[in-house]
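To keep things clear, I will list the structure first and then write my remarks on it.
The values are calculated or read from the model by the stated rules, or taken from the named source; none is laboratory data. Values in this document were obtained by computation on a predicted structure and should not be read as measured data. All Cβ positions, even for glycine, are placed from backbone atoms using ideal geometry, and neighbour counts span all protein chains on display.
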Amino acid sequence: MRAINVMATAVVLARPDLTVRDAAKMLVDYHISGMPVVDTEGKLVGMITEGDLLHRTEIGTELKRRTRWLEFVASTRELASEYVKEHSRLVGDVMTTNVVTATEDTPLAEIAELMERHGIKRVPVLKDGNVTGMVSRADLVRALASVGPDVRGSITPDDSAIRDAILAALSGNRWALLPQNVVVSKGIVHLWGAITSEEERQAICVTARNVPGVKEVESHLEYPSIPLY
């Protein structure tokens with residue numbers, strides 16, 4: 001499988017001139033831990049994540065004053081960078097600019113290796129410098145759970161065509177699934193995501209079953225969990 005087979009295409013984007021407070025609110029409202037930052041032409045210029053907002057003077061989480069020895073050995077560049085991260089009000093100043101990316105054709109094995117090597121949770125997918133999707137650890141786990149025990153290679157063209165047909169059939173319906181929640185392996189369709197009724201589950205499954213080439217539909221659809229306080 002490749003990035004295009006599992007990536008989320010509805011990606012929340014930020015701008016460099018967005019305030020840090022508004023970026024934090026977007027992360028909370030969309031239930032995400034990071035988002036790409038793009039310029040006025042839509043080109044990727046960075047990533048803003050929870051980690052970038054960890055040490056902030058507004059909430060008293062800035063780094064405590066270093067010991068005199070550590071302060072002495074730290075470069076002025078490091079000290080200035082820390083200050084900006086803790087005090088600047090703009091996303092462009094606090095975002096991570098050295099972003100690890102993939103293309104739509106990048107194999108999932110390479111993406112998993114990038115995540116492990118760089119200690120990151122998500123990889124933006126680019127085409128001509130523009131963000132077309134995002135692959136997260138959850139997307140890789142979902143793909144793993146959708147393949148049979150004998151599957152070792154990449155997805156077949158027939159599976160890609162089946163997936164495209166299912167997404168086209170679902171399109172326009174308020175109960176349609178997000179693209180990353182439809183995975184096809186050897187003609188078997190795996191449906192993931194949250195539903196609000198059994199009628200929704202039935203409609204989604206019927207839509208998938210009616211697509212030519214589908215051998216079987218396995219529903220992993222479930223009701224959204226209710227947080228406990």
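Number of residues in the range 84-132 that are in contact (Cβ under 8 Å) with a residue 24 or more places away in the chain, among the β-branched types (Val, Ile, Thr) and closer than 20 Å to residue 20 by Cβ equals 5. Sort out which residues of the range 183-201 are in a helix (DSSP H, G or I) and either surrounded by 16 or more Cβ atoms within 10 Å (Cβ to Cβ) or modelled with pLDDT of 95 or more (or both), and write them in order of number. Residues satisfying the conditions are 200, 201. Looking across the range 178-216 at every residue that is closer than 16 Å to residue 158 by Cβ and without any contact (Cβ under 8 Å) to a residue 40 or more places away in the chain, the one that is nearest to the chain's Cα centre (by Cα) is identified as 182.
Please enumerate the residues belonging to the range 83-116 that are in a helix (DSSP H, G or I), closer than 30 Å to residue 180 by Cβ and aliphatic (A, V, I, L, M).
The initial filter retains those residues of the range 83-116 that are in a helix (DSSP H, G or I), namely 83-87, 91-94, 108-116.
Next cut, closer than 30 Å to residue 180 by Cβ only: 91-92, 94, 108-116.
91, 94, 108, 109, 111, 112, 114, 115, listed by residue number.
Among the charged types (D, E, K, R) and on the phi > 0 side of the Ramachandran plot, is that true of residue 215? No; evaluated as a whole, the condition is false for this residue.
Each row is one residue, and each column tells you yes or no for (1) modelled with pLDDT of 95 or more; (2) surrounded by fewer than 19 Cβ atoms within 10 Å (Cβ to Cβ); (3) over 25 Å from residue 141 (Cβ atoms).
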site	(1), (2), (3)
6	no, no, no
11	no, yes, no
16	yes, yes, yes
31	no, yes, no
40	no, yes, yes
50	no, yes, no
53	no, no, yes
58	no, yes, yes
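State whether the residues of the range 167-181 include one that is in contact with a Gly (Cβ under 6 Å, 6 or more places away or on another chain) and not aliphatic (A, V, I, L, M). Among the residues of the range 167-181, at least one is in contact with a Gly (Cβ under 6 Å, 6 or more places away or on another chain) and not aliphatic (A, V, I, L, M), which makes the answer yes.
Of all residue pairs spaced 6 or more apart or on separate chains, those with beta-carbon atoms under 6 Å, a first member in the range 133-148 that is within 17 Å of residue 194 (Cα to Cα) and surrounded by 14 or more Cβ atoms within 10 Å (Cβ to Cβ) and a second member that is among the small types (Gly, Ala, Ser) and modelled with pLDDT of 90 or more are 146/185. Considering (1) loosely packed, with under 13 Cβ neighbours inside 10 Å; (2) modelled with pLDDT of 95 or more; (3) within 15 Å of the chain's Cα centre (by Cα), the lone condition that residue 25 does not fulfil carries the number (3). Which residues, counting only those in the range 117-138, are assigned to a strand (DSSP E or B), of a type outside the set (D, E, K, R) and closer than 22 Å to residue 53 by Cα? Passing the criteria: 123, 124, 134, 135, 136. Given the condition at pLDDT 95 or above and either under 30 Å from residue 189 (Cα atoms) or of a type in the set (Gly, Ala, Ser) (or both), answer yes or no: does some residue in the range 61-79 qualify? Checking the range 61-79: not a single residue is at pLDDT 95 or above and either under 30 Å from residue 189 (Cα atoms) or of a type in the set (Gly, Ala, Ser) (or both).
Looking across the range 119-135, the residues that are closer than 8 Å to residue 7 by Cβ and among the β-branched types (Val, Ile, Thr) come down to 125, 132, 135.
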